[in-house]
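Structure first, commentary second.
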Amino acid sequence: MTNLLKPEEVAERLAVSPKIVREWLRTGKIPGVRLGRLWRVDPAALERVIQEGFAQGPKPRTRRKPVGERSPRRATRRPTGGKKRAHAKPTRSRGKARRRVSG
């Protein structure tokens with residue numbers, strides 16, 4: 001039985017971060033086996049991937065839509081006016097204790 005490599009060991013061999021290796025394992029760029037929460041990589045399969053070149057995994061998801069598919073922008077500022085918001089707390093009057101008498 002061959003010893004399987006941890007993502008940290010694969011990262012060392014490829015000179016990348018372990019986070020990148022885990023992402024490549026999830027997307028299928030590197031073949032691996034998931035044991036519960038842990039990923040393991042067969043050294044022979046890793047060497048084969050290095051020799052043949054990395055497979056093209058699925059396209060990464062992006063948050064933004066292409067320019068033609070976006071909806072027009074809405075105004076972001078609210079109009080200012082004399083009307084108070086319903087949820088705003090009324091201001092407290094300071095009363096006589098705060099008033100100064102000049103003299």
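The values are calculated or read from the model by the stated rules, or taken from the named source; none is laboratory data. Keep in mind the model is a prediction, meaning the values are calculated, not measured. Using ideal geometry, Cβ is built from the backbone for each residue, glycine included, and neighbour counts are taken over all protein chains shown.
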Pick from segment 14-27, criterion of a type in the set (K, R) and surrounded by fewer than 15 Cβ atoms within 10 Å (Cβ to Cβ), ranking: nearest to G53 (Cα to Cα): R26
Would you be able to say whether some residue in segment 28-44 is modelled with pLDDT under 95, surrounded by 15 or more Cβ atoms within 10 Å (Cβ to Cβ) and in a helix (DSSP H, G or I)? no
Go through segment 17-31 and count every residue that is within 18 Å of N3 (Cα to Cα) and touching a residue at least 24 places away in the same chain (Cβ under 8 Å). 1
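Considering only segment 11-58, how many residues are β-branched (V, I, T) and over 23 Å from the mean Cα position of the chain (by Cα)?
4
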